[in-house]
1. Scan Gln14, Gln90 and give me the residue that is over 30 Å from Ala127 (Cβ atoms) and either surrounded by fewer than 16 Cβ atoms within 10 Å (Cβ to Cβ) or at pLDDT 90 or above (or both).
2. For the structure I just gave you, tell me whether Glu116 is in a helix (DSSP H, G or I), over 17 Å from the mean Cα position of the chain (by Cα) and charged (D, E, K, R).
3. Could you say whether any residue in region 47-62 is within 12 Å of the chain's Cα centre (by Cα), surrounded by 14 or more Cβ atoms within 10 Å (Cβ to Cβ) and touching a residue at least 60 places away in the same chain (Cβ under 8 Å)?
4. Kindly establish whether Val78 is farther than 23 Å from Glu124 by Cα, surrounded by 15 or more Cβ atoms within 10 Å (Cβ to Cβ) and in contact with a helix residue (DSSP H, G or I) (Cβ under 6 Å, 6 or more places away or on another chain).
5. In region 63-75, how many residues are loosely packed, with under 10 Cβ neighbours inside 10 Å and of a type outside the set (S, T, N, Q)?
6. Do we have any residue at all in region 100-108 that's loosely packed, with under 13 Cβ neighbours inside 10 Å, without any contact (Cβ under 8 Å) to a residue 60 or more places away in the chain and out of contact with any Pro (no Cβ under 6 Å at 6 or more places or on another chain)?
7. Consider region 54-96. How many of its residues are touching a strand residue (DSSP E or B) at 6+ places or on another chain (Cβ under 7 Å) and in a loop (DSSP other than H, G, I, E, B)?
8. Determine if region 39-53 includes at least one residue that is more than 30 Å from Gly23 (Cβ to Cβ), assigned to a loop (DSSP other than H, G, I, E, B) and of a type in the set (Asp, Glu).
Amino acid sequence: MQLLLGTVRDYANQSRPLNRAKGKGYIKPTQPREIFYSDVDPEIAEQPVGRLGLQAWASTQQPLTQAAWHTMPSTYIVCEADNALPPFAQELMAKRAERVLRMNSSHSPFFSQPTELATLIWAELSA
């Protein structure tokens with residue numbers, strides 16, 4: 001896990017997609033539209049961008065004490081055009097899943113490709 005956190009942290013420091021507010025305990029995306037919704041129609045992306053909250057900095061620092069993938073079947077969908085979590089980092093996390101699927105989408109396929117995502121999930125649940 002340390003390797004993954006270090007890798008993602010290095011990526012974040014290089015590209016600065018997220019900004020830790022100085023002296024604050026949260027992370028704020030610098031360009032949420034480009035980071036999370038790059039392939040979403042701008043009119044559709046307006047609403048989630050406006051409702052986007054802050055992420056606790058602690059969530060990037062605290063070790064996990066439990067993870068569902070240890071005891072439950074799991075599938076990871078790699079979003080290959082994700083600007084928030086680079087595909088190489090997703091690949092590292094996906095190694096823990098039983099199955100890995102892929103979509104050519106941003107971080108938010110539920111907005112950009114909802115039908116394709118639902119079809120993919122339904123097929124996986126039916127397998």
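The values are calculated or read from the model by the stated rules, or taken from the named source; none is laboratory data. Just so it is clear, the model here is predicted, and its values are computed rather than measured. Reconstructed Cβ throughout: ideal geometry from the backbone, glycine too, with neighbour counts over all protein chains shown.
1. Gln14
2. Considered against the rule, which asks whether it is in a helix (DSSP H, G or I), over 17 Å from the mean Cα position of the chain (by Cα) and charged (D, E, K, R), Glu116 comes out as yes.
3. no
4. no
5. Of the residues in region 63-75, 5 are loosely packed, with under 10 Cβ neighbours inside 10 Å and of a type outside the set (S, T, N, Q).
6. no
7. 2
8. Yes, some residue in region 39-53 is more than 30 Å from Gly23 (Cβ to Cβ), assigned to a loop (DSSP other than H, G, I, E, B) and of a type in the set (Asp, Glu).
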